[in-house]
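The values are calculated or read from the model by the stated rules, or taken from the named source; none is laboratory data. Note that this is a predicted model, so its numbers are computed, not measured. Neighbour counts are summed over all protein chains in view; Cβ atoms, including those assigned to glycine, are modelled from backbone coordinates with ideal geometry. Just the protein is used for accessible areas: all its heavy atoms, side chains included, with ligands, DNA and RNA removed. Shrake-Rupley method; radii C 1.70, N 1.55, O 1.52, S 1.80 Å.
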Amino acid sequence: MNTKLPYYVLFFLLSVSVFSQETKNNEKAQKEQKKEKPAKKDPEEAEELHDVSVKGKSKKQKVETSGFAVAIIETKEASLRNLTTNELLDRSVGVRVRQNGGIGSNVEYNLNGMSGSTVGIFLDGIEVSTFGQSFNLNNIPPSMIERIEVYKGVLPSHLTGDYVGGAINVVLKKDVSQNNATAAVSYGSFNTFQSDLSVMLREKKSGLSFRGSGAYIYTDNSYETWGHSSTYVNEFQQIIRNYKVKRFNNTYKNIAGRFEVGFTDTKWADQFFIGYNGSSNYTEIPHGITMSVPYVGRFNETEAHAFILNYNKKNFLTKDLTLSVIAARSERSTYLQDTVGWAYNWNGKIREAIVNEEIVQLRTKDGGQQGKKVISNIDRKVINARTNLGYMITDGHRASLNHKIEGTSRIEEDLLTPGASDLATESDIYKNIISMNYEAETFNRKLKTNILGKYTINRTNDLRKRIITTDGVNSIAEEINSTTDSNFGYGGTISYNVISDVFLIGSTENSYIMPDEIQLFGDPSRNILPNLQLKGERYINYNLGFRWNPSNFGKHKISLYANAFWRNGYDKITIQTVADADIKDESGADIQVSRYVNLQRTQARGFEAEIIYIYNNRLNTSFNISKFNNLDKSEFDEKGRPNRYYNHQVINEPFFTMNMNMQYTFKNLFQKKSTLSTYYNAGYVGEYFTVRGQPQFSITPTQFSHDLGLSYRFPAQKLVASIDVKNILNAEVYDNFQIQKPGRGIYFKLNYTFSKFL
């Protein structure tokens, strides 16, 4: 498929047309500038800090000082650059985005050692998994996002769910006070093309509003690997490590759109929107859980269609009563194909071996790249709805009642098996959660408290079928596994304004989390096997810290944040490593798959901290650090024997990270009313092991990467051009199970804003 030419042409045409329009705007702006009086500085104007904006009494600061261990990431500046939402998160304090390679690869989020089902990933308060694999934080451009809320530990009522490790809530742009549209297009290394478009319209008289956005991504992901995981097997079956080669069978293509229509600021609704979210993916799968065996011809295609309802009303039926309803119903499908029977090397050629003094090409044992030949399809129907009633009892005292239902029904078919529909595996998982919050502001609003209680009912069903033969007669045998349980959880937060802009913040929580659908039932496209014996997790968490909001010292502005945490986990769910597992195929050979398992007990203690410094509203810098010990405290293993890994770090989990960000802005450098911004980012990840017992071969080395970038906003304030150089020193960077991530990459981007139309 020849994909390069249209992208080059489209990129060139858009560049020329937009630049032509911008030139006219610049000339007009410069003529008008002579007639204008110097503009007064807006005291509420945001002072940008790399990817974060700091304001006087902003929404950001109100949330961050509410008692929750939370950080707010604003995306205004980042949306102009070649940054993904995941890259923004990965630079935030205490957040580690675990990604198995380049754009489009599988992602897991780690919040100071908490990951998997303990961490909720939300899009406007609804789990992002509702919208399918083809619409996730990996491919939502920052230009569509207003802010990102990162909670660690206790969650507020509007996000209450079956979580205890925290949550990432992506809040999409909703302001339709002015009709506008933005468009962006970028091109860069590894034949990576990205574009997005968003439109917001509102008819003032009736309040009828429309919000629409779309994005397209294509990449070959053909970056070089040369580290420990990059290997070559010669004809003598000797493994040569640090083999330099470009990745192949790694194409990723995504298209997504989101459209909402409704009313804002009417008598009967502050917001009422109904919407549609659609997306599709094509993803080539280059290897399994590790990079030891390359794949050719293994790929999946996903598709999702979701319908959304969003309703908010203050003073609902009576004064001081607020109703919020957000619900989604989606249908998702995942098609997986793996039918190529040749064994390949990382140079893209078929492996060879000497047999009887002759060189022969090798085939895989069972006809597929990952075990047996596979053509499968998984259909999912997902429902997710949350209703929240909040009542202001009196000034400074508020109570809320929250109900949440979420469920997934899934049908998995092996399309290579005759009568696939009759032998389909049917699985269901449902959760009902009822929670209450009581929030209070006392002592002149200096003390803020929030008490949470929640009750959860969980139900799972799994029906698996197989053909059995009795006296020459075939019949279908069914195996049914069903579970139902319930649990109670509670927690609380506290924030005290000690002096001026200094706040003490603390929280605690004691709660259960049930396994999610993939952890229980598996995911063939990610090489995850089912484990129906998984138990739910329980955590007792404590957070204590302080936040010093930005304080002015003349031209200098500084803010500080620090938080210590102590987490006791019981039956922690974690992914099992291949080297540590007894995962075999029918012949007894190791295969590149894994499953989720329980660790009896873990204990994590650590801290995170961040300092932000701004000089003269031009130089913006930040530095953050996160360090913790997450230890296996299980006294016995799963077979009742003394645990030889007692007090070892939980494997495959970075536990020491640092990030530094700098931005300097030049005003009127080349043209009057223009802005040139320069960026620098450094990221550090300490070494960690991927196999229990910490064998040397499983060590993931220390990583230190650097990024540079600049953006130029033209005088008319409509066009922004930017360039980013990521991993400029071409450092070795890794993630899950020593999978090497991209080296140096260069990316160009154009952003254009259309306003004052219709």
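Filter the cross-link list Lys173/Lys741; Lys173/Lys446; Lys76/Lys726; Lys60/Lys174 down to pairs whose alpha-carbon distance in this structure exceeds 26 Å.
Numbers: Lys173/Lys741 31 Å; Lys173/Lys446 31 Å; Lys76/Lys726 20 Å; Lys60/Lys174 16 Å.
Cα-Cα > 26 Å for Lys173/Lys741; Lys173/Lys446; rest within.
Roughly what angle does helix 4-35 make with the longest principal axis of the chain, taking Cα atoms, 0 to 90 degrees, to the nearest 10?
Compared with the principal axis, the helix lies near 10 degrees.
Ranked highest first by average number of other Cβ atoms within 10 Å, how do 310-322, 157-169 line up?
Numbers: 310-322: 14.5, 157-169: 24.7.
Listed from highest to lowest mean packing, they are 157-169, 310-322.
Modelled label-to-label distance, Asp379 and Lys267, 7 Å Cα→beta-carbon offset: nm?
Label at Asp379, label at Lys267, 4.6 nm between them.
If you find the alpha carbon centre of the stretch 700-758 and of the stretch 264-311, how far apart are they in angstrom?
The stretch 700-758 and the stretch 264-311 have Cα centres separated by 23 Å.
For the pair Ala420 and Leu504, what calculated FRET efficiency results from E = 1/(1 + (r/R0)^6), where r is the Cβ-Cβ distance and R0 = 56 Å, to the nearest 0.05? It would help to have the intermediate numbers written out before the result.
Numbers: r = 60 Å, r/R0 = 1.07.
With R0 = 56 Å, the Cβ-Cβ based efficiency is 0.40.
With a 1.4 Å probe and all protein chains left in place, how much of the accessible area of the chain comes from carbon and sulfur atoms, in whole percent?
Working: 19250 of 33900 Å².
With neighbouring chains kept in place, the figure for the chain is 57 percent.
Whose amide H sits under 5 Å from the amide H of Gly368, counting only residues 5 or more places off or on another chain, with H placed in the peptide plane?
The list, which skips near neighbours in sequence, is Lys373.
Which shape class, rounded, prolate or oblate, goes with the stretch 173-230 when its Cα gyration tensor gives a ≥ b ≥ c as root eigenvalues, a/c under 1.5 marks rounded, and past that a/b bigger than b/c marks prolate? Display every interim value, and only then the final one.
Numbers: a/c = 5.47, a/b = 3.89, b/c = 1.40.
It is prolate, given that a/c is not under 1.5 and a/b is the larger ratio.
At R0 = 30 Å, how high is the FRET efficiency between Leu669 and Arg241 if r is their beta carbon distance? Nearest 0.05 is fine. Write down the numbers at each step before the final one.
Working: r = 48 Å, r/R0 = 1.60.
Efficiency, from the Cβ-Cβ distance: 0.05.
Grab the Cα-Cα distance for Thr678 and Ile540, subtract it from 0.36 nm times how many residues apart they are, and report the gain in nm with one decimal.
On the way: separation 138, 0.36 × 138 = 49.68 nm, distance 4.33 nm.
Full extension of this stretch gives 45.4 nm more.
Could you go through the stretch 71-78 in sequence order and give the Karplus-derived ³J(HN,Hα) for each residue, using 6.51 cos²θ - 1.76 cosθ + 1.60 with θ = phi - 60°, rounded to whole Hz, and x for Gly and Pro?
10, 10, 10, 9, 10, 4, 6, 5
In whole percent, what relative contact order does the chain give with Cα contacts below 8 Å and a gap of six or more residues?
Details: 2091 pairs, mean separation 90.1, N = 758.
Taking the mean separation of contacting Cα pairs over the length of the chain, I get 12 percent.
Let me know the shape class of the stretch 138-198, please: from the alpha-carbon gyration tensor, a ≥ b ≥ c as square roots of the eigenvalues, rounded when a/c is under 1.5, otherwise prolate if a/b is greater than b/c, or oblate.
Verdict is oblate for the stretch 138-198.
Expected output is a single nm value to one decimal: the length gained when fully extending between Asn647 and Tyr276, i.e. 0.36 nm times separation in residues minus the C-alpha distance. What is it? Mind dumping the intermediate values first?
Details: separation 371, 0.36 × 371 = 133.56 nm, distance 4.88 nm.
Using 0.36 nm per residue and subtracting the Cα-Cα distance, I get 128.7 nm.
Over the chain, average the accessible area per residue using a 1.4 Å probe and give it in Å², no decimals. Before the final figure, lay out the partial values.
Details: 33900 Å² over 758 residues.
For the chain, the per-residue accessible area is 45 Å².
So which GluC sites (Glu not before Pro) in the stretch 608-643 pass both tests, a DSSP loop state and at most 16 other Cβ atoms within 10 Å of the Cβ? Don't jump to the answer; show the numbers that get you there.
Details: sites: Glu608, Glu610, Glu635, Glu638; in loops: Glu635, Glu638.
Taking the stretch 608-643 and a limit of 16 other Cβ atoms within 10 Å, the loop GluC sites (Glu not before Pro) found are Glu635, Glu638.
Of the listed values [x] 112, 57, 51; [y] 84, 65, 48; [z] 90, 58, 49, grab the one calculated as Cα extents along the principal axes in Å from the structure here.
Here the calculated entry is [z].
Per the helix-only calculation at 222 nm, which mean residue ellipticity applies to the chain, given -39500 (n - 2.57) for every DSSP H run of n ≥ 4 and division by its residues, nearest 500 deg cm²/dmol? Working shown, then result.
On the way: 4 runs with 49 residues, N = 758.
Calculated mean residue ellipticity at 222 nm is -2000 deg cm²/dmol.
Taking 0.36 nm per residue of sequence separation and subtracting the Cα-Cα distance, how much length would be gained by fully extending the chain between Thr449 and Ser486, in nm to one decimal? Provide the component values of the computation, followed by the final result.
Values: separation 37, 0.36 × 37 = 13.32 nm, distance 2.71 nm.
That works out to 10.6 nm of additional length.
Would you calculate the separation in nanometres between label points at Val473 and Phe636, each defined as 7 Å from the Cα along the Cα-to-beta-carbon direction?
4.6
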